[in-house]
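Notes to accompany the following structure.
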Amino acid sequence: MTRRKLTRDEVDLWRKVVRQADRLHPERVDGVHPQTLPKPKPTKPLPMSLEPFELGQAARANPARHALSPSVTDRLSRAPVQMDPKAYTRMRRGKLKPEGKLDLHGMRVDTAHPALTRFILSAQAQGKRLVLVVTGKGKYRDEPGPIPTPRGVLRHQVPQWLSLPPLAQAVLQITPAHISHGGEGAYYVYLRRNRG
């Protein structure tokens, strides 16, 4: 296969391009480096201002930065009181008797949620004001993994379900139960008056 020769127009165009272009390496002559290259300018070393450190020192200094969100009990304890303060105090001390009880022990999330919904809405329809929802404290995991997992799935889910529709309109106050009614494994749910 023979190469095609450039036409006169192509050669003229190439020469114009070469005349207008700047050399990338003007120190090279015919593709060869000059004998002596300029010495590089000395650079000043950057001052080292790093303080000695140890891996994890920031985590130890402020453990709250890496803590899980507050426990359900803490969040509910800090929630503002929506009901009569005297009745709230009596309820927290276990002095008010729940008018109904739902035991979610051993249920899975997919069966517990509808059961809770039915129970709360029917209790409100019957005019009940204080009901007890037993979730259990939850089981400890056999081996802790790299991701912190809260203990007791239902214990953490029930307050969330109660704060979302359709239950939010029925619930006035949620608080962990007194030890006589199950302690941290149960919740008092104080219902709003039925307006219907």
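Side notes on the structure shown:
- Simple spin-label estimate for Asp22 and Lys39 gives 2.8 nm between the two label positions (7 Å along the Cα-to-Cβ direction from each Cα).
- Spin-label pair Asp84-Ser163: with each label point 7 Å from Cα along the Cα-Cβ axis, the two points sit 2.6 nm from one another.
- Length released on extending from Lys95 to Met1, taking residue separation times 0.36 nm less the Cα-Cα span: 23.4 nm
- Net lengthening on full extension, Trp14/Asn194 (0.36 nm per residue, minus Cα-Cα): 55.6 nm
- Residues of the range 113-127 falling in the label zone of Val153, defined by backbone nitrogen less than 16 Å from a point 7 Å along Cα to beta-carbon, are 113-116.
The numbers here are math on the coordinates, done by the rules we state, and not lab data. Note that the structure is a prediction, hence the values are computed from the model and not measured. In this analysis, Cβ positions are derived from the backbone assuming ideal geometry, glycine residues included, and neighbour counts consider all displayed protein chains.
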